[in-house]
Every structure is written in C-alpha cells, then in structure tokens.
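Here's the structure, in structure tokens; my notes come after.
The values are calculated or read from the model by the stated rules, or taken from the named source; none is laboratory data. Keep in mind it's a predicted model, so treat the numbers as computed, not measured. All Cβ positions, glycine included, derive from the backbone under ideal geometry; neighbour counts span all protein chains shown. Each accessible area value is taken on the protein alone, full model and side chains, heavy atoms only, with ligands, DNA and RNA left out. Shrake-Rupley method; radii C 1.70, N 1.55, O 1.52, S 1.80 Å.
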Amino acid sequence: MYKNILAFPGSVARLVDATGMYRTVSIALGFLTVVGILYGFIGLVEYSGLEQLLAVTVAIGVAMVVNLLCSKLWRVSVNMESAFITALIIHFLLIPAQWGDFVGNFILAVVVVLATVSKYVFAWHKQHIVNPAAIGVVLVALAYELFPIPGYFEASWWVGQSVFFIPLLLAGSLVVMKVRKWTPVIAFLGVGFLVYLYEEWKFYGEIPAPEAFWLSGPSLFLAFFMLTEPFTMPPTKRLQFGYGALVGFISQTTLFLSFGIKMVPELALVIGNLLFYPSTLRRKLILPLATVREVAKETFEFAFTKPGTMRFRAGQYLEWMLPHDLPDSRGIRRYFTIASSPVDPLLRITLRIGETVSSYKQQLKKMKPGDTIIASQLAGDFLLPRDIKRKVAMVAGGIGVTPFLSHIDYMQTKSVPKHNTVLFYCNNTAAEIAYRDRLQAVSNIIPLQVVHVLAKEKTPPYEHGYLTKEMIIKYVPDYLERAWYLSGPPGMVNAYSKLLLDLGVKRRHIKKDFFPGLA
C-alpha cells in the first residue's frame with residue numbers, strides 16, 4: 001500500500017509527460033469547468049449550472065469560429081485547442097450572465113473575439129506579444145472607460161472563490177508540472193503575497209490571515225494558467241523569476257492609484273508581457289528542411305536552414321510545431337533541444353523514431369528537403385559555467401546527449417572557453433550510440449573525455465551496466481570540483497542526481513535538463 005502511495009506522484013508525472021502541453025492545459029481547464037458547473041447545480045456558487053453551460057458554449061463557439069476565420073485570413077495553420085483554452089480562461093474571468101441576459105453573453109462574446117483576434121493583430125512575425133485572454137478583457141474595460149454606457153464592466157475572476165481552491169490547486173499544479181515553470185509561479189505568488197500584506201498593513205494597520213490571499217482572489221488562476229503562457233514567457237529562469245516577481249508586485253500594489261489607474265490582474269499581466277517582451281524569441285521561425293540522416297539505430301538527425309538573424313545559446317531548446325492531418329492525442333508540437341552549435345548555419349534536432357511512433361514523428365519522417373517546420377519559444381538554462389576554469393562533467397541518457405552536442409561543438413569555436421569535460425554517454429547497446437566518431441574526433445581538439453556506458457550489452461572497452469559510484473570515481477576522481485550536467489529521461493536524471501548527492505556533490509552543482517515534457 002505504502003509503495004503504491006509513494007509511486008503515485010511518479011505515475012502522474014509520467015502521464016503528464018506523455019500528454020501534449022495544450023492537451024494538458026485543456027484537460028485541466030475542462031476539469032475546472034465541470035467542477036464549476038457542478039457547484040452551480042448544488043448551490044456552492046451563485047451562478048447556476050445552466051447559466052455556466054450557456055456561457056461556456058458561447059465562449060467556445062465564438063472562439064472556434066473567429067480562430068478559424070483568422071487563420072484563413074492570415075494564412076497560417078489553425079490551432080483550435082489554443083482557441084478552446086482562451087475561451088475557457090475568459091469564461092472564468094467574467095461572471096456568467098443570468099439566464100436570458102443577452103447583453104452579458106454579448107460582452108463575453110466580444111471579449112472572446114478581441115482575445116482571439118489579438119493573437120494575429122498584436123503579433124510580430126506571427127507570434128503574439130501579450131496574453132490573449134488578458135488583453136481581451138483589458139480592451140473591453142478600456143472601451144467602457146473611454147465610451148461610458150449604461151452598466152459597468154469589470155472582470156470578476158469568479159474562479160478565485162474559496163470553493164475552487166482545492167480543484168484549482170490540483171489542476172493548476174498539473175499544468176505547471178507539465179510546462180516546468182515553478183520559478184515564475186513561486187516568484188509571482190511570493191512577491192504578490194508580501195506586497196498584499198504590506199498594503200493591508202498600510203491601509204488597515206493590521207496583518208490579515210494568509211488565507212485571505214490564498215483562498216480568495218485570482219492569484220492562483222493567473223499564476224497557473226496565464227502567467228505560464230509559453231509565448232510570453234522569458235527564456236531563462238533568472239528572467240522568469242523577475243517576470244513573475246514583477247507581475248506579482250504590479251498586481252497587488254496601490255502605487256498606480258496616484259496616477260488614477262486601478263490596477264487589476266489582467267492589466268498587470270499585460271504590462272509584464274510588454275516589459276519582458278524584448279527578452280523573448282520575438283518571432284516564429286519558418287524553417288526549411290536541409291538534410292535528414294540516420295546517426296544511430298532508429299535515431300535521426302533533422303537539419304534545418306537557420307535564419308541569419310537567429311541567436312541562441314548552446315544548451316537551449318525550441319518548440320517545434322508540425323501541422324498534419326489527424327494528429328494523435330499528443331498533438332502537433334514538441335520541445336526539442338537544439339543539437340547544433342550556435343555558430344552552425346543549420347539548426348539540428350536529433351530524435352529516436354522507432355516502428356511504433358506518434359503521428360508527429362510519422363509526419364516528421366515523411367519530410368523532404370524544402371518542407372518546412374515552425375519553431376518558436378526559445379528557452380532553457382542548461383548553460384555551461386561562466387567561469388572558464390570550472391571543470392564540467394556531463395551525463396547523457398540516449399537522446400539526452402543533444403544539448404551536450406551543442407556545447408561540445410561550440411567549444412571548438414576559437415574564442416569560446418574550453419572547459420575540461422568528461423561525458424558519460426549512457427545507452428542500452430553500442431548500436432544506439434549517436435555521433436560516436438564525431439565525439440571521438442572532437443576529443444582530440446578540446447579537453448574532452450567520453451565514457452560510454454552500455455546497460456544491456458558487454459562491448460569492450462565500454463563500461464557495462466548503469467553509471468555507478470565506482471565508475472565516477474574511476475574516471476572523475478575530482479568529481480567534487482566539477483559542475484555536473486544531467487540530460488535524459490526524467491527517471492534517469494533523478495536517479496543519477498541522487499547518486500551524485502550520495503557521493504557528496506552539492507545540489508547547487510547539479511544541473512538538470514528538464515523541458516516541458518516528453519510530448
């Protein structure tokens with residue numbers, strides 16, 4: 001029984017990893033929608049289940065139609081799941097109209113239209129600049145300010161009611177687990193909470209109970225479902241921390257009242273999007289395929305022509321979108337680490353494609369030179385130390401070698417520091433070793449030692465089994481002096497991280513290559 005309980009978080013993590021990002025968010029928001037409707041039917045919220053059903057139907061229907069029209073007008077691939085997500089977010093920001101209230105549902109439809117269109121209008125190089133749901137609400141509120149009409153409009157964020165706390169915490173945590181963006185979420189909630197306490201003390205002379213912040217208001221919903229929106233997220237953890245902290249501060253401070261501005265959560269998020277926009281990859285890259293080659297058993301390298309203005313750092317990754325007919329449940333998007341050097345004229349990705357694969361990989365394997373793929377959302381902190389004298393040790397599991405290929409190739413560049421490096425490259429069999437000759441050749445140019453570890457095959461002179469303390473001590477006697485980098489399947493990364501900790505390596509000296517899920 002206890003083993004099953006302990007295994008449950010790992011099982012959830014594997015399930016989330018195997019589900020596409022958009023699908024995970026859709027499921028989480030769908031779950032909250034069902035919860036809200038049930039609450040309406042049993043009287044836990046004041047908006048009836050039928051009123052909520054009508055509001056959801058209006059929001060989703062309008063979003064789907066407008067998104068389809070915009071995709072045809074702008075001649076881009078349509079992403080209906082994105083429209084579905086935007087519609088459900090807006091549903092939770094605006095109070096569901098009472099039965100028969102045409103004006104209330106009309107306003108909901110207008111917000112959805114503006115939010116959907118904003119993805120195409122407030123965009124640069126086909127990538128939107130601000131959170132669509134937030135800008136939709138802000139634009140309607142601004143219209144009410146500029147052209148006063150009977151009635152009053154303001155987002156209610158009714159999902160912030162305390163009865164949603166547990167469902168919101170569960171659904172939102174799954175989303176953040178998927179996109180692996182705990183840093184901005186924690187920064188947002190932490191800074192927002194501190195500013196909230198200060199403002200309450202300043203105006204009322206007392207410190208309120210923490211539940212007043214956590215159990216009411218929109219903080220959790222904004223943090224989980226809007227702050228983490230990938231296209232408006234800065235690329236590195238340091239910037240993501242600053243982004244979350246800034247939005248948390250702006251959303252709770254009263255400083256803007258002196259300028260006659262009542263700060264609301266959606267406006268705080270839009271301001272944060274705009275201020276951090278220069279740090280994001282400000283375009284979608286339309287990349288033509290240059291070459292395809294098999295670099296190991298069932299392992300293929302796809303090389304795409306890189307735009308001359310594109311810049312990235314070794315170890316970073318991109319989201320790769322490949323529209324195709326009848327996509328499976330994992331969708332048309334994947335995150336792949338760039339396997340090439342920043343100075344390489346080609347952007348390379350390397351992945352395993354076996355006999356039974358997803359519809360995405362099937363489509364990728366069908367690509368011919370000249371066919372295009374769409375890349376965006378450059379991100380990642382898997383960067384080598386700034387200290388050029390710092391020694392490095394790398395542990396790669398299978399395709400987890402890709403960020404190390406980028407680092408190792410880049411270290412051959414004349415003006416780039418050459419860190420003393422040991423690479424443990426772990427595979428099942430020798431046939432699965434990718435770039436074996438290339439790694440051997442590079443080891444003659446830079447201070448690189450490659451140690452191959454095969455789990456299911458004895459092939460001298462390679463090590464057999466799994467990476468052990470004895471192997472580390474044998475090949476890296478100065479292991480305590482090195483910065484350790486782990487990349488591969490989550491289970492392997494976590495196991496070898498524990499191995500290093502048991503050896504006395506400090507946690508801050510271990511860096512893991514985690515990106516938003518395997519799907």
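By how many nm would the segment from residue 362 to residue 258 lengthen if fully extended, with 0.36 nm per residue of separation less the alpha-carbon distance?
Working it through step by step, the gained length comes to 31.7 nm.
Computed over the stretch 32-81, the percent of Cα pairs more than 16 Å apart is 50. About the centre of its Cα atoms, the chain shows a dipole size close to 2100 debye [charges on the beta carbon of Lys, Arg (+1) and Asp, Glu (-1) only; nearest 20 debye]. Candidate cross-link partners of residue 474 among the aspartates and glutamates, defined by an alpha-carbon separation under 12 Å and a same-chain spacing of 8 or more, comprise 463. Oblate is the label for the stretch 384-423, because the ratio a/c of its alpha-carbon gyration tensor axes (a ≥ b ≥ c) is 1.5 or higher and a/b is not greater than b/c. Rounding to the nearest 10 and keeping the result within 0 to 90°, find how far the Cα-based axis of helix 49-74 lies from the longest principal axis of the chain. In the chain, helix 49-74 runs at an angle near 60 degrees to the longest axis. When the charge dipole of the stretch 25-129 is built from unit charges on Cβ atoms (+1 for Lys and Arg, -1 for Asp and Glu) and taken about the Cα centre, the candidate among 100, 55, 86 whose Cα reaches farthest toward its positive end is 86.
If you look at the Cα atoms of the stretch 55-98, you get an Rg and a Dmax of 11.3, 38 Å. Taking every protein chain into account, the 1.4 Å probe leaves residue 388 with about 100 Å² of accessible area, to the nearest ten. Note on residue 456: lysines with a C-alpha under 16 Å away, same-chain residues under 8 apart excluded, are 297.
Loop-located GluC sites (Glu not before Pro) across the stretch 441-519 with a Cβ neighbour count of 16 or fewer within 10 Å are 457, with loop assigned by DSSP. Projecting the Cα atoms of 384, 146, 261 onto the dipole axis of the chain, where Lys and Arg carry +1 and Asp and Glu carry -1 at the beta carbon, places 384 farthest toward the positive end.
Restricting the stretch 292-365 to trypsin sites (Lys or Arg not before Pro) that sit in a DSSP loop and have at most 13 other Cβ atoms within 10 Å of their own Cβ leaves 311.
A 1.4 Å probe over all protein chains sorts 73, 189 by accessible area into 73, 189, starting with the largest.
Over the C-alpha trace of the stretch 105-199, radius of gyration and Dmax come out as 16.6, 44 angstrom. Loop-resident trypsin sites (Lys or Arg not before Pro) (DSSP state other than H, G, I, E or B) in the stretch 459-519 with no more than 14 further Cβ atoms inside 10 Å of their Cβ: 506. Protection proxy ranking, highest mean first, for peptides 237-244, 315-322, 65-72: 315-322, 237-244, 65-72, where packing is the per-residue count of other beta-carbon atoms within 10 Å, averaged. Extent along the principal axes, Cα only, for the chain: 80, 55, 52 Å, with the longest axis given first.
The spread of Cα positions in the stretch 48-139, taken along each principal axis and listed from longest to shortest, comes to 42, 22, 18 Å. The gain in end-to-end length when the residue 162 to residue 125 segment is fully stretched comes to 9.2 nm, 0.36 nm per residue minus the alpha carbon separation. Contact order for the chain, expressed relative to its length and based on alpha carbon pairs under 8 Å spaced 6+ residues apart, stands at 13 percent.
Rounded to the nearest 10 degrees, the angle from helix 2-17 to the longest Cα principal axis of the chain is 80 degrees.
Only the Cβ atoms of Lys and Arg (+1) and of Asp and Glu (-1) were treated as charged; on that basis the dipole of the stretch 124-208 about its Cα centre amounts to roughly 580 debye.
Calculated on the Cα set of the stretch 453-499, radius of gyration then Dmax: 11.6, 31 Å.
Based on the mean of other beta carbon atoms within 10 Å per residue, what is the order of 442-452, 394-404, 269-279, most packed first? Write out the running numbers ahead of the final one.
Working: 442-452: 15.9, 394-404: 25.1, 269-279: 18.5.
Highest-to-lowest ranking by the protection proxy: 394-404, 269-279, 442-452.
Of the peptides 419-432, 98-111, the ranking by mean beta-carbon count within 10 Å, highest at the top, reads 419-432, 98-111. Helix 102-121 and the long axis of the chain differ in direction by around 30°, with both axes built from C-alpha atoms. Taking only alpha carbon atoms, the stretch 363-519 gives an Rg to Rh ratio of 0.97, where Rh is the Kirkwood radius.
Please compute, over every Cα-Cα pair in the stretch 250-376, the percentage with a separation greater than 18 angstrom. That fraction is 62 percent. Between the stretch 375-450 and the stretch 12-90, what is the separation of their alpha carbon centroids in Å? Here the answer is 42 Å between Cα centres.
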